[in-house]
Amino acid sequence: MQLFKRDVKMISPEEALPGRERPAFDVPERHEVLGTPLEPPFPEGIETAVFALGCFWGAERLFWLMPGVYTTAVGYAGGLTPNPTYEEVCSGRTGHAEAVLVAFDPKKVSYESLLKTFFEEHDPTQGMRQGNDVGTQYRSAIYYANEEQRRVAEMVRDEYNRALEAAGKKPITTEIVPAGPFYYAEDYHQQYLHKVPNGYCGLKGTGVACTIPEGARS
């Protein structure tokens, strides 16, 4: 059980790895499932959202399966080290979370629907871990692109927190902060569970439904 005794505190800027000015690898041109570009510019009307909910392999699949999602990509967000590698993120010395970029058509799928999937498909009460995956890179986070996303995310979080409390669960630990740089992960991580259908996915929800409050609807 030493796994759960790891130091999972966020690092300070002074402790962070220096990273690099440019990415250490190329980003694939196309999504393995959707056939769309992984990097912007995206078509007019496409919006983006960034979520962290544990190991990004299973998290990405949740979103590419949703109708109205234009593309998805896995990467690193919310930390300090520019252009990190997977090994650096796993060291706990970048401050980044494993994250998913979701580019979506709001006329076909709402941001609220993305939030519902986010909250229901992982356990947002676990702090710096998700199941057996322990470390700051596995924390739950929403990185909002604008003030409307922030408003909606906070309303949905608060409503879901009440539902979890009523079900006897712990409080939500999800951080909701402005989106900073999104650093794409290595090629082999992109759409991993399409390439390796029986690959690892440690995500598990609480079993509590996430209801979207009326005031959060667009």
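Does the range 60-77 contain at least one residue that is under 25 Å from V8 (Cβ atoms), assigned to a helix (DSSP H, G or I) and in contact with a helix residue (DSSP H, G or I) (Cβ under 9 Å, 6 or more places away or on another chain)?
Within the range 60-77, one or more residues are under 25 Å from V8 (Cβ atoms), assigned to a helix (DSSP H, G or I) and in contact with a helix residue (DSSP H, G or I) (Cβ under 9 Å, 6 or more places away or on another chain).
Please name all residue pairs, on different chains or six or more residues apart, with Cβ atoms under 7 Å, provided the first residue is in the range 153-175 and is free of Cβ contacts under 8 Å to residues at least 60 places away in the same chain and the second residue is of a type in the set (S, T, Y) and loosely packed, with under 15 Cβ neighbours inside 10 Å.
Listed by first residue and then by second, the contacts come to E159/T211; A163/T211.
In this structure, does G35 turn out to be touching a residue at least 40 places away in the same chain (Cβ under 8 Å) and small (G, A, S)?
Here the answer is no, as G35 does not meet what is asked.
What do you reckon, is R93 at pLDDT 95 or above, assigned to a loop (DSSP other than H, G, I, E, B), in contact with a Leu (Cβ under 7 Å, 6 or more places away or on another chain) and of a type in the set (D, E, K, R)?
yes
Listed here are the residues, each with its yes/no results for (1) in contact with a His (Cβ under 8 Å, 6 or more places away or on another chain); (2) surrounded by 23 or more Cβ atoms within 10 Å (Cβ to Cβ); (3) closer than 30 Å to I212 by Cβ; (4) among the charged types (D, E, K, R).
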residue	(1), (2), (3), (4)
Y86	yes, no, no, no
T94	no, yes, no, no
E98	no, yes, yes, yes
V102	no, yes, yes, no
K107	no, no, yes, yes
S113	no, no, yes, no
F118	no, yes, yes, no
Q126	no, no, yes, no
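Go through the range 136-161 and give me each residue that's of a type in the set (V, I, T) and not in a helix (DSSP H, G or I).
Once the filter is applied, which keeps residues that are of a type in the set (V, I, T) and not in a helix (DSSP H, G or I), the range 136-161 yields only I142.
Of the numbered conditions (1) aliphatic (A, V, I, L, M); (2) assigned to a loop (DSSP other than H, G, I, E, B); (3) surrounded by 14 or more Cβ atoms within 10 Å (Cβ to Cβ), L164 fails exactly one; give the number of that condition.
With respect to (1) aliphatic (A, V, I, L, M); (2) assigned to a loop (DSSP other than H, G, I, E, B); (3) surrounded by 14 or more Cβ atoms within 10 Å (Cβ to Cβ), L164 is out only on (2).
I need a count of the residues in the range 178-205 that are without any contact (Cβ under 8 Å) to a residue 12 or more places away in the chain and in contact with a helix residue (DSSP H, G or I) (Cβ under 8 Å, 6 or more places away or on another chain).
Of the residues in that region, 1 qualify.
Filter the range 136-155 down to residues that are in contact with a helix residue (DSSP H, G or I) (Cβ under 7 Å, 6 or more places away or on another chain) and farther than 16 Å from C210 by Cα and give me whichever is surrounded by the most Cβ atoms within 10 Å (Cβ to Cβ).
Among residues in the range 136-155 that are in contact with a helix residue (DSSP H, G or I) (Cβ under 7 Å, 6 or more places away or on another chain) and farther than 16 Å from C210 by Cα, the one surrounded by the most Cβ atoms within 10 Å (Cβ to Cβ) is Q137.
Does the range 9-21 contain at least one residue that is in a strand (DSSP E or B), without any contact (Cβ under 8 Å) to a residue 12 or more places away in the chain, more than 30 Å from D123 (Cβ to Cβ) and not hydroxyl-bearing (S, T, Y)?
Within the range 9-21, not a single residue is in a strand (DSSP E or B), without any contact (Cβ under 8 Å) to a residue 12 or more places away in the chain, more than 30 Å from D123 (Cβ to Cβ) and not hydroxyl-bearing (S, T, Y).
The values are calculated or read from the model by the stated rules, or taken from the named source; none is laboratory data. Here the structure is a predicted model, which means the values were calculated and not measured. Neighbour counts are summed over all protein chains in view; Cβ atoms, including those assigned to glycine, are modelled from backbone coordinates with ideal geometry.
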